[in-house]
Amino acid sequence: MSPKHSPAVPSALLDDVSKAIIEELQHDGRRSYAAIGKVVGLSEAAVRQRVQKLTEAGVMQVVAVTDPLQLGFARQAMVGLKVTGPLETVADAVAEIAEVDYVVVTAGAYDLLVEVVCESDDHLLEVLSSRIRTIPGVVATETFMYLQLRKQTYSWGVR
């Protein structure tokens, strides 16, 4: 999905068949359009067209979810940021950092929550000190180091 809030999606795009296609892809993003078509009652070409429309509308994206540890990224952390001034400006600046894979504007103790994936503690320190904390408007950070990932899911279904 687009990192920024997208306009409302036409309800015709999210009918029961499109929702069923999304659920099938949430269970297995590599599933063939022909196999999905058998489940939802459409041809392979019709499924392909719907997936393309859903992707173009920003309703979904099909990606490979990886384990950062297996790829050499030994340090993951969630960073809470307290910000002064426009939150969106700071959020956009943080989102430009390559090591940042998640940015959300929040209500509560922190204005932003940011997930960072780094190769080492030294790399994390560099990202925090030289890139995040130097962004105009960042007034405080708190880093929560990940010790063990127990659950990560993207298959919450559709409504």
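Per-structure values
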read-out	value
Some residue of segment 19-33 being at pLDDT 90 or above, in contact with an Asp or Glu (Cβ under 7 Å, 6 or more places away or on another chain) and in a helix (DSSP H, G or I)	yes
Tally, over segment 88-102, of residues that are in contact with a strand residue (DSSP E or B) (Cβ under 9 Å, 6 or more places away or on another chain) and either within 17 Å of residue 75 (Cα to Cα) or in a loop (DSSP other than H, G, I, E, B) (or both)	5
Selection from segment 98-123 of residues that are farther than 17 Å from residue 140 by Cβ and buried (at least 16 other Cβ atoms within 10 Å of the Cβ)	99, 100, 115, 117, 118, 123
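The values are calculated or read from the model by the stated rules, or taken from the named source; none is laboratory data. Nothing here was measured: the structure is a model prediction, and the numbers come from that model. When we count neighbours, we look across all protein chains shown, and the Cβ atoms used for this are built from the backbone with ideal geometry, even at glycine.
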